[in-house]
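First comes the structure, then the notes that go with it.
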């Protein structure tokens, strides 16, 4: 499915639900990828697993990525998806008071930003589920005791990602 974002861009969404699940809660999910990579397709197996384990339906959002997308675009895309889910809640068997936002890494950062936008637009959320969220662009110096440990997302990656996300607003 797709929706039109506020700026006219067609935004891709994917709805996951488990047959036989009772109506109720739902989650809007944002994929990881440092806000510069990743996709709904890449996260498809993980999201399917979440739905299979919990029975909670998930709306996955293929938000736009940096550096092509301006700062704030991913959050605006996420808010548009949240509004769409709320607008279709009755059709999908979702209680609008039981919608959460969720993401890991970059997706956790997007989910946190969407939660702030939802608050600013008086849209209640049931929960935020932030899994090692990408929240802070202030990259510190590597700890010499941890630097030798293999890192999934080293300091240099963090600097690169935030520079792409924030563009001219990034302060290295």
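The values are calculated or read from the model by the stated rules, or taken from the named source; none is laboratory data. These figures come from a predicted structure and were not determined experimentally. Neighbour counts are summed over all protein chains in view; Cβ atoms, including those assigned to glycine, are modelled from backbone coordinates with ideal geometry.
Only one of 66, 26, 75, 34 is in contact with a strand residue (DSSP E or B) (Cβ under 9 Å, 6 or more places away or on another chain) and crowded, with 18+ Cβ neighbours inside 10 Å. Can you tell me which?
That would be 26, the only listed residue that is in contact with a strand residue (DSSP E or B) (Cβ under 9 Å, 6 or more places away or on another chain) and crowded, with 18+ Cβ neighbours inside 10 Å.
I'm told residue 6 meets every condition in (1) in contact (Cβ under 8 Å) with a residue 12 or more places away in the chain; (2) in a loop (DSSP other than H, G, I, E, B); (3) surrounded by 14 or more Cβ atoms within 10 Å (Cβ to Cβ) except one. Can you identify the failing condition by its number?
(3)
Just to verify a result, which residue in the stretch 1-23, among those that are over 21 Å from residue 50 (Cβ atoms) and out of contact with any strand residue (DSSP E or B) (no Cβ under 8 Å at 6 or more places or on another chain), is modelled with the lowest pLDDT?
Filtering the stretch 1-23 for residues that are over 21 Å from residue 50 (Cβ atoms) and out of contact with any strand residue (DSSP E or B) (no Cβ under 8 Å at 6 or more places or on another chain), the one modelled with the lowest pLDDT comes out as 6.
Please give the number of the condition residue 156 fails out of (1) modelled with pLDDT of 95 or more; (2) surrounded by fewer than 14 Cβ atoms within 10 Å (Cβ to Cβ); (3) part of a helix (DSSP H, G or I).
The single condition residue 156 does not satisfy is (1).
Within the stretch 26-47, can you find the residues that are more than 11 Å from the chain's Cα centre (by Cα) and within 20 Å of residue 127 (Cα to Cα)?
26, 46, 47
Quickly run through the stretch 38-54 and pick out the residues that are in contact with a helix residue (DSSP H, G or I) (Cβ under 9 Å, 6 or more places away or on another chain) and farther than 19 Å from residue 85 by Cα.
Listed by number, the residues that qualify are 38, 43.
Can residue 125 be described as assigned to a helix (DSSP H, G or I), modelled with pLDDT of 90 or more, surrounded by 12 or more Cβ atoms within 10 Å (Cβ to Cβ) and in contact with a helix residue (DSSP H, G or I) (Cβ under 6 Å, 6 or more places away or on another chain)?
no
Farther than 27 Å from residue 161 by Cα and in contact with a helix residue (DSSP H, G or I) (Cβ under 6 Å, 6 or more places away or on another chain): which single residue out of 57, 67, 96, 71 fits that description?
It is 96.
For the stretch 9-23: of the residues being over 17 Å from the mean Cα position of the chain (by Cα) and over 14 Å from residue 78 (Cα atoms), which is surrounded by the most Cβ atoms within 10 Å (Cβ to Cβ)?
Going through the qualifying residues, I end up with 17.
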